[in-house]
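Take a look at the structure set out below.
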Amino acid sequence: MLKAVKKIFFIEEIRTKVLFTLLMLVICRIGAYIPVPGINGDEVVQIFRQLTGGSQNLFQLVDIFSGGAFAHMTVIALGVMPYISASIIMQILIAVIPSFQRDIRENGEAGRRKMGKGIRFLTIILALFQSALLGKYALGFNLSHPGIIVSELLRHQILGFPWLFYLIIMLTMSTGTLFLMWIGEQISERGIGNGVSLIISIGILASFPSTLGTIIRQLNLDSQEPGQITFSSLVVLSIVFVLIILGTILVIQGTRKVPIQYARRMVGRREGQGGTSHIPLKVNYAGVIPVIFASSLLMFPATIAQFLSTGTWFATIVNWLSPGSWVYTALFVLLIIFFTYFWTATQFHPEQIASDMKRNGAFIPGIRQGKFTQEFLESTMNYITLAGAVFLAVIAILPMLVGKILNVDATISHFFGGTSLLILVGVILDTTKQIESHMLMKQYDGFMKRGRVTGRI
């Protein structure tokens with residue numbers, strides 16, 4: 001393991017990319033400690049702890065994804081969730097509007113730039129909207145707990161509306177989200193790995209020390225009295241932790257190998273030999289993207305309902321969409337399955353594979369070339385995608401169910417499994433693959449250089 005890490009820093013280009021990525025992630029974490037001007041972060045944290053109360057709560061899940069920035073009301077309290085929500089909306093629009101599909105397919109790079117502009121525009125709108133809701137929620141808490149908001153900000157009003165407070169909180173939080181979005185794009189272009197996924201992962205990792213502290217406190221090691229967590233519960237959670245890691249690796253790395261053969265071809269006056277190979281179809285083509293999309297999409301309406309819960313029916317919606325409820329769990333499973341198929345449909349193109357196979361004289365044994373090959377690949381991918389999606393959904397909700405059965409603090413159950421761990425393991429696997437591909441490419445380039453020098457001699 002140490003030798004592999006040393007190899008990374010021996011290659012200058014990879015070393016530069018890794019160091020750049022680490023620097024950007026450190027800057028992200030600095031933003032998690034810069035409070036919004038006029039907000040008392042310490043007071044907000046105390047109220048946040050009273051609000052969560054150890055039960056499974058939407059705000060607790062949002063705080064885990066933002067690496068503690070949400071609880072402290074910092075400039076990056078919204079995290080990258082508005083950006084992910086905007087990406088989901090844009091992907092759905094492209095899928096349902098044929099003109100968008102043609103524009104991106106025909107224009108290539110220009111179409112992708114146009115799509116990027118659309119995502120950024122939607123991100124700004126969603127960030128302004130969510131920050132305004134968060135400001136409304138902070139005002140409500142300031143009435144019952146004076147001291148959260150600096151009184152000078154509330155003095156500037158127009159018709160009873162504290163415009164200066166809303167202006168500051170909307171501008172700072174929206175700017176923080178846009179800054180994270182920019183950092184994510186820079187990491188994807190100039191660093192290693194997917195920038196947005198890495199930002200979410202570093203936020204999840206940031207909650208590890210506090211989670212360990214919660215476990216130690218609830219074990220009650222300093223007293224003979226039994227704690228909130230027993231050693232047997234901790235053992236069960238550890239087993240679930242290991243099973244989720246193994247399951248995530250198996251699902252993401254698993255492939256269905258479709259055998260293909262090559263017809264004999266004439267090369268000059270000689271008849272070339274046909275060969276055999278295979279097409280590796282991934283069991284889970286989308287990786288952990290469905291889990292990120294499903295979590296983000298559920299958080300958005302649930303957050304709105306939580307902020308605006310002023311009536312009985314709003315309170316009912318809040319309870320339905322709270323993590324741990326059967327409605328939330330059912331919607332979470334269905335959305336994971338939906339986004340697994342949706343992402344696979346947008347990224348996997350069987351018609352292009354079938355066309356390339358026919359052009360190169362390749363065929364699947366027992367399947368005719370062209371349309372029949374395309375239909376076979378589509379049906380095979382549908383079957384294995386269903387298995388991957390169901391397995392992914394089961395892994396995502398398993399710790400939620402275990403935590404409810406064992407009556408464990410939601411912070412611990414969220415970190416030891418489910419959404420957080422799935423994203424963390426998936427992002428680490430994806431980043432490791434990218435580093436390995438860069439290293440193999442550099443070794444191959446070095447080999448070619450030596451070959452050219454030998455040829456000149």
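The numbers here are math on the coordinates, done by the rules we state, and not lab data. Model, not experiment: these values are computed from the prediction. Here the Cβ positions follow ideal geometry from the backbone for every residue, glycine too, while neighbour counts run over all protein chains shown.
Report, by chain and number, residues whose modeled amide H sits under 5 Å from the one on residue 279, excluding near sequence neighbours (fewer than 5 apart, same chain).
Residues meeting the criterion, in which the H sits 1.01 Å from N, are 258, 260.
How far is it, in nm, from the label point at residue 161 to the one at residue 208 when both lie 7 Å from their Cα along the line to the Cβ?
Simple spin-label model gives 4.6 nm for this pair.
What is the set of long-range amide H partners of residue 255 at a cut-off below 5 Å, with H atoms built 1.01 Å from backbone N?
Correct list: 283.
With a 10 Å radius around each residue's Cβ, average the other Cβ atoms per peptide and rank 355-361, 379-385, 80-86, highest first.
Going by the mean number of other Cβ atoms within 10 Å, highest first, we get 80-86, 379-385, 355-361.
Given R₀ = 25 Å, FRET efficiency for residue 190-residue 103 by Cβ-Cβ distance, to 0.05?
0.35
Could you give me the percent of Cα pairs per 5 Å distance bin for region 70-206, shortest bin first, beginning at zero and ending with the bin that holds the maximum distance?
All Cα pairs, binned at 5 Å, distribute as 2, 9, 15, 18, 16, 13, 10, 7, 5, 3, 1, 0 percent.
Using 0.36 nm times the number of residues separating residue 382 and residue 347, minus their current alpha carbon distance, what extension gain do you get?
Gain in length upon complete extension: 11.3 nm.
Output the relative contact order of region 87-188, whole-number percent, from Cα pairs under 8 angstrom with separation of 6+ residues.
Once divided by the residue count of region 87-188, the mean separation gives 23 percent.
Classify region 145-241 as rounded, prolate or oblate, taking a ≥ b ≥ c as the square roots of the eigenvalues of its Cα gyration tensor: rounded when a/c is under 1.5, otherwise prolate if a/b is larger than b/c and oblate if not.
oblate
Using θ = phi - 60° and the Karplus curve 6.51 cos²θ - 1.76 cosθ + 1.60, what whole-Hz ³J(HN,Hα) does each residue of region 363-377 get, with Gly and Pro shown as x?
Ordered by residue, 3J(HN,Hα) equals 8, 8, x, x, 10, 6, 6, x, 4, 5, 5, 4, 5, 5, 5 Hz.
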